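Colleague: Input: one structure, supplied below.
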Amino acid sequence: MRNTISARRLGAASMALIAALTLAACGNDDPENTAEPSSAQSADAPDTHSNEEVGLTVTGQWAKAADSGMTAAFGTIANDSDEPVTITGVDSPASEDMQLHETVTGENGTSTMQEKEGGFTIQPGEELNLEPGGNHLMFMDLSCSLLAGDDIDLTLQTEDGHGMSFEAPIRDYQGAQENYDPSAEESGSVEDGEDHSGHGTEGTDHSEGDMEGMDHSEHGGSSESSMDMGMGDPAQDSLPSCSE
Amino acid sequence: MTADRKGPGSGRKNLLTRRNALIGGATATAGAAAAVGIDTVRRGGLPGGGGNPQVEDASSTAPLAEARVGFHGERQAGVVTPAPAYGNFIAVDLREDVGRADLRRMLKVLSADAADLAEGLPPIADQEPELTEIPANLTVTVGFGERVFDVVDPSAKPGWLKPLPAFEQIDRLREEYSDGDLLLQICSDDRMTLAHAQRLLLKGLRGFGTVRWVQEGFRNASGSLKEGTTMRNLFGQVDGTINPTTEDSSMDDVVYGLMDGLEPWAPGGTSLVIRRIHMNLDTWDEADAPGREDAVGRKLSNGAPLTGEREEDPADLSATTPLGFHVIADYAHIRRATATTPQERILRRPYNYDLPVSAAGGLAGKGADSGGVSESGLIFASYQADPVKQFLPIQRRLAELDMLNMWTVPIGSCVFAIPPGCSPGGFVGDFLFEG
Ligand code: HEM
Ligand SMILES: [Cu+2]
């Protein structure tokens, strides 16, 4: 009995997952593709039309909630084409400054993230894992809050001038603490496009206060309020939601 | 599967590898296990099995590894679903300042995570993705207290959604087991799975509220009761004989309000009353079998009514002894609980509890709601379309007269609306946001 149900349900869940991806062609000059609707919400119409165009499939994508400063997005990007694809950049309405980051282990054993020079090249049939503690898409300076339960648009730029947009669900997350670099925030250096390589050391900065949960930001769900880090003016730190 | 979700560390890949490894191991050693005999396997372990108590026996067939109950549907799972061995009930108090948009986000996350967990997939950002591998019939059922309606859609709030009236004669309610704004009922046949699912879901709720209380319950282990056997409670009674069933229309009628005289608060929705009832096993020990059977009106051996032979025999409430007394006493639990109208029925799906005690000794006295060498009772979970029409009259009668009150004390009480289930694109309660 139960097995019958679950087999059916599994199918439905898979469909939903595929449908949750918006794979639309953006930033290219092909008029046909720009005209394509990119409805992310329709649960019954998996939209994978841009596969051929860009050759990429994104799965398991998500972004870490934050109400100011820096944060990151993750997921798996597969190259379904028979050519190598190089991702050279990423855009999001939530941050003017977005970077492709890698995490490297320094001589003293600490891991540090830095901009990935030359971008990420994915060989045909291979996939790129973006995950906490590893490669990721970095929001360098949020212009609005990423709140858990909302989705954020991201667009990957490829070397050949194509773009691929998708929505990433946002979740509260206690790891991926390399996203916060007090020195960068204090000096305000994030704003003015300095070199950010080597900005921040994994797990050195964030407070334990978060473990209590229930932060005090105006918007429930963004437990990464930097208030807990004891820096800056709380009122100033919580940006309005990106979805408003 | 194209839709495999990769959590941090690409959990799913590891899961598949591990599962294959397990299956492989079982096949390789099955012959040996048969030859040596199960007893030997259990006692001594096998060469190759390693004899390591941390490693599963070669004879294990892992029947629960693939046992799933889907999350999506018109009704939420976890109500008419056969009750798994473990059931935890968690009430959450929502933050003072929580708004409509916040609750929408909260329910989206909760529903997405619950759906993944039910499928045995790691939800987004699950940091222990391997612990989702074995759903073991995991269900997550969400209930709404008044606050959810007040914030999201006051016009949809069912009239019955408020605390039950106090039952002065019997109640000794404690704050820490009563009320709440949001309910999670999480059930699974694997306590590991449940612990991880609970933590993951509560992590997702951190930004929206605080845990008010947790009630942890258990029933017989999966695989230990023969098919068709009714559970027993810690009094040793067969508990759950008279219940609506999905084999006829009674479940739909009673739980989902499809019968005349009842109305569902939303199609596919129902309600949950949880009464936490302490059972004083020390004073129960003082009662001998005839007294115990008399108190309920059923036999301890097989749950048959005192007027019958088998559990399924209907109780004859009019039968009398040669002396003219009712065979099923006037104060017997089943006489008092018997429905007096067709609507006045409930789905009972209780879990037992048995809390650890320390520095315990002696005997708990009559009327005590703790003490003795154990602290046990029932998480009495009752589902019905309308608690005021269906549950309340039964509880009123039992409060007035029920021999079981000699040994039982209600110490917690709450009422929640159970919203309908949701479709894969939606979330629990989404229909309340449409207006
Ligand atoms: C610790 C507390 C309780 C214990 C130990 C207990 C035990 C039992 C037992 C042994 C039976 C007979 C077998 C069966 O049909 O399941 C029974 C029946 C029943 N109980 Fe309880 N019960 C408790 C509390 C309650 C409460 C609080 C209610 C509702 C307000 C309730 C409602 C019923 C109903 C409706 C029946 C079936 C009556 C019939 O039609 O024969 N019980 N209970
Ligand atoms: Cu980074």
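Colleague: Only Cα pairs under 8 Å and at least 6 apart count here; give the relative contact order of region A:89-138 as a rounded whole percent.
Modeller: Numbers: 57 pairs, mean separation 19.2, N = 50.
It rounds to 38 percent for region A:89-138.
Colleague: Leaving out ligands, DNA and RNA, calculate the buried accessible area for the pair A and B with a 1.4 Å probe, summed over both sides, in Å² to the nearest 100.
Modeller: So the buried area, both faces added, is about 3300 Å².
Colleague: Could you size up the charge dipole of chain B around its Cα centre, putting +1 on the beta carbon of Lys and Arg and -1 on that of Asp and Glu, and report it in debye to the nearest 20?
Modeller: In total the dipole reaches around 920 debye.
Colleague: Probe of 1.4 angstrom, ligands and nucleic acids ignored: what's the accessible area per residue over region B:335-435, in square angstrom?
Modeller: On a per-residue basis, region B:335-435 sits at 37 Å².
Colleague: With every protein chain kept in the model, how would you rank B:Met403, A:Met140 by accessible area, 1.4 Å probe, largest at the top?
Modeller: B:Met403, A:Met140
Colleague: Further, regarding this structure: What ranking do A:63-69, B:241-247 get when scored by the average of other Cβ atoms within 10 Å per residue, highest first?
Modeller: Packing proxy ranking, top to bottom: A:63-69, B:241-247.
Colleague: Checking the a/c ratio against 1.5 first, then a/b against b/c, what shape does the Cα gyration tensor give for region B:331-377?
Modeller: oblate
Colleague: Is there a simple number for the mean count of other chain Cβ atoms within 10 Å of the Cβ of residues in B:96-108, and what is it?
Modeller: Partner Cβ neighbours, averaged per residue: 4.
Colleague: I'd like the mean, over residues of A:54-61, of how many other protein chain beta carbons sit within 10 Å of each residue's own Cβ.
Modeller: 3
Colleague: May I ask you to rank A:Ser81, B:Ser413, B:Ser318 by accessible area, largest first, using a 1.4 Å probe over the protein chains only?
Modeller: B:Ser318, A:Ser81, B:Ser413
Colleague: Residues of A:73-82, mean number of Cβ from any other protein chain within 10 Å of their own Cβ, rounded to a whole number? Numbers along the way, then the final one.
Modeller: Values: counts 0, 5, 3, 4, 0, 0, 0, 0, 0, 0.
Partner-chain Cβ atoms within 10 Å, mean over residues of A:73-82: 1.
Colleague: Before rounding to the nearest 500, sum -39500 (n - 2.57) across all DSSP H runs of length at least 4 in chain B and divide by the residue total; then give [θ] at 222 nm in deg cm²/dmol.
Modeller: Calculated mean residue ellipticity at 222 nm is -8000 deg cm²/dmol.
Colleague: Less than 28 Å apart at the alpha-carbon level, and either on another chain or at least 8 residues along: which lysines does that give for B:Lys226?
Modeller: Excluding near neighbours in sequence, the set is B:Lys299.
Colleague: Listed here are the pairs B:Lys162/B:Lys203; A:Lys64/B:Lys108; A:Lys64/A:Lys116; B:Lys157/B:Lys389; which of them are more than 24 Å apart at the Cα?
Modeller: Listed pairs above 24 Å: B:Lys162/B:Lys203.
Colleague: Could you work out the mean projected area of the convex hull around the alpha carbons of chain B, in square nanometres to one decimal?
Modeller: The number I arrive at for chain B is 24.9 nm².
Colleague: So what is the relative contact order of region B:278-415, in percent, for Cα pairs below 8 Å that sit 6 or more residues apart?
Modeller: 31 percent
Colleague: Could you look at chain B and say what percent of its accessible area is carbon and sulfur, using a 1.4 Å probe and all protein chains?
Modeller: In chain B, the share of accessible area belonging to carbon and sulfur is 53 percent.
The values are calculated or read from the model by the stated rules, or taken from the named source; none is laboratory data. Please read all numbers here as calculations on a predicted model, not as lab measurements. Cβ coordinates were reconstructed from backbone atoms using ideal geometry, including for glycine residues, and neighbour counts include every protein chain displayed. These accessible areas exclude ligands, DNA and RNA; they are computed on the full protein's heavy atoms, side chains included. Shrake-Rupley method; radii C 1.70, N 1.55, O 1.52, S 1.80 Å.
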